[in-house]
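Engineer: One structure is given below, represented as structure tokens, and several questions about it will come after.
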Amino acid sequence: MSFFTVFGPSQTHFRYLIRLPSVLREFSISTVSLPSQTSRIAEAMQQDNQNQKERHQHQHQTGEEYYGPTAMPPKEKRAGTSVRSYSTNPAEGKKTVAVPRPSASVLVISPQNQVLLLQRVKQSSSFPSAHVFPGGNVSEFHDGRAPEPDAPGRHEDSEVYRMAAIRETFEESGILLARNNGFGRLIEVPEDQREEGRRLVHSSEVPFPKWLAQKGGRADIDGLTPFTRWITPTNVPKRFTTQMYIYFLPTLSSTPISEGQADSEAEVSIPSPTTDGGKEHTTARFLPASAWCRLAQEGRIILFPPQFFLLHQVAQHFDNLRSPTDYGSISRDPVPREELEARRRRLVQFVKSGNPPWTDMCISPQTMPPPKKREDGKQVLALHRPGPELKDTDRAGCTEQCVLVDFQREGPRRLEVVSRDEALGRDAKL
């Protein structure tokens with residue numbers, strides 16, 4: 001499942017509800033340094049990678065959920081890889097900072113330019129029924145070995161992250177982002193074989209690339225467009241570095257090719273998304289990005305701030321809104337294929353634009369005080385910092401926008417995406 005962070009007030013500090021492999025845990029924000037500990041990290045990561053298959057099987061057997069780099073379980077069941085960091089404040093002493101684990105998540109776009117979200121099980125101990133993007137941990141068994149924690153490529157898009165994104169989407173929704181080896185078009189696998197494949201891959205009984213090859217296909221890693229990276233803040237016991245992607249399912253192009261079939265000019269047939277049998281999700285559904293934002297603002301679904309933020313960006317290019325935040329103004333009229341394709345091109349152009357471009361943007365969220373107390377009680381979530389691992393690099397987050405959110409016991413409510421000036425004032429220092 002995908003990641004995302006929740007922030008909320010608790011007395012004089014802020015709480016983060018960080019979504020990680022199983023449930024949720026609170027933590028307070030602080031700033032610590034992260035010196036290089038190459039040998040210690042390498043040793044710890046080697047041990048972690050040796051147990052990758054067992055961890056994947058454990059998740060399948062226990063039904064534990066993954067919530068990515070910005071969520072934490074209330075009680076960890078597996079020890080995280082960590083290094084020791086030394087604060088510049090003598091009163092703080094030594095602190096342990098977890099090494100961010102590599103993970104990936106996808107905004108899957110339907111032929112009608114709608115976005116796939118999965119709904120968490122109602123029995124979840126915290127934030128039941130929250131909606132999330134498909135995604136999860138990189139698995140060396142399935143996806144290949146991720147760069148070491150101190151390697152430059154650790155926080156960059158790569159084939160390993162892309163394989164993880166495609167595999168997790170298949171495991172969690174049944175949608176196979178793969179192409180036929182012979183014709184290079186989306187592969188079609190019969191439903192019974194597809195469901196058996198989900199089980200085999202989820203339980204690590206067969207590597208995902210091998211299963212795909214047996215079906216005559218390969219993961220469509222070239223079809224993924226990077227769309228921000230998110231790194232968990234430093235004082236979380238378990239942290240993640242998660243690469244986000246966009247994937248466009250074809251609008252009206254050729255039909256997926258079944259095993260052994262010839263090419264065809266008919267319309268593409270996209271299988272409906274399905275849940276994983278209730279282990280982690282109860283529903284899997286496509287809706288317009290603006291509809292998801294509107295449902296969250298109305299309190300009908302729970303979206304974490306980064307999810308809301310990314311959906312807001314997509315809605316600006318897909319849904320022809322009267323104003324940026326008028327999510328209910330989307331037209332109900334059918335959109336011709338030519339216009340659907342034009343809107344996709346505009347979104348891709350947007351994602352590749354900016355300084356930094358959204359393809360390279362790296363965000364480690366933090367709360368910031370507004371110039372004066374807000375009467376609506378909302379907190380300001382700043383997105384400009386890339387995280388301590390990238391502090392001395394040219395990587396950066398989003399400097400022009402912030403998220404406003406009202407944290408309630410049941411989850412984040414009344415989310416808004418606003419300009420930095422509106423949230424923090426023109427003279428705010430980042």
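Just so you know, all these numbers are worked out from the coordinates, no wet-lab data involved. Because the structure is predicted, anything quoted here is derived from the model rather than measured. Neighbour counts run over all protein chains shown; Cβ positions are idealised from the backbone, glycine included.
Engineer: Per 0.36 nm of contour for each residue apart, how much would the distance between Val335 and Val206 grow if the chain were fully extended, relative to their Cα-Cα spacing? Before the final figure, lay out each step's value.
Structural biologist: Details: separation 129, 0.36 × 129 = 46.44 nm, distance 4.12 nm.
Length difference between fully extended and current span is 42.3 nm.
Engineer: Also: Could you compute the FRET efficiency for Ser353 and Glu298, with r as their C-beta to C-beta distance and R0 at 22 Å, rounded to 0.05?
Structural biologist: E between Ser353 and Glu298, to the nearest 0.05, is 0.10.
Engineer: Something else: Would region 283-430 count as rounded, prolate or oblate if I go by the C-alpha gyration tensor, calling it rounded below 1.5 in a/c and otherwise prolate when a/b exceeds b/c, oblate otherwise?
Structural biologist: Working: a/c = 1.93, a/b = 1.26, b/c = 1.53.
Oblate.
Engineer: Counting other Cβ atoms within 10 Å of each Cβ, which trypsin sites (Lys or Arg not before Pro) in region 295-348 have at most 14 and sit in a DSSP loop? If you can, show how the numbers build up before the last one.
Structural biologist: Numbers: sites: Arg300, Arg322, Arg332, Arg337, Arg343, Arg344, Arg345, Arg346; in loops: Arg300, Arg322, Arg332.
Listed in order of number, the matching sites are Arg300, Arg322, Arg332.
Engineer: Mind listing which trypsin sites (Lys or Arg not before Pro) in region 365-429 are in a DSSP loop and have 14 or fewer other Cβ atoms within 10 Å?
Structural biologist: Numbers: sites: Lys372, Lys373, Arg374, Lys378, Lys391, Arg395, Arg409, Arg413, Arg414, Arg420, Arg426, Lys429; in loops: Lys372, Lys373, Arg374, Lys378, Lys391, Arg395, Arg409, Arg426, Lys429.
The qualifying sites are Lys372, Lys373, Arg374, Lys391, Arg409, Arg426, Lys429.
Engineer: Also, I was wondering about something else. Residue by residue through region 398-405, which ³J(HN,Hα) values in whole Hz follow from phi under the Karplus form 6.51 cos²θ - 1.76 cosθ + 1.60 (θ = phi - 60°), with glycine and proline marked x?
Structural biologist: Karplus values, whole Hz, x for Gly and Pro: 8, 8, 9, 10, 9, 10, 9, 8.
Engineer: Also, I was wondering about something else. Using a Förster radius of 35 Å, what is the FRET efficiency between Ser129 and Glu159 based on their Cβ-Cβ separation? Nearest 0.05, please. Don't skip to the answer; put the middle values down first.
Structural biologist: Working: r = 34 Å, r/R0 = 0.98.
Plugging the Cβ-Cβ distance into 1/(1 + (r/R0)^6) gives 0.55.
Engineer: Tell me whether region 370-430 comes out rounded, prolate or oblate; compute the Cα gyration tensor, take square roots of the eigenvalues as a ≥ b ≥ c, and use a/c under 1.5 as the rounded threshold. Numbers along the way, then the final one.
Structural biologist: Details: a/c = 2.59, a/b = 1.54, b/c = 1.68.
Taking the square roots of the gyration eigenvalues as a ≥ b ≥ c, region 370-430 is oblate.
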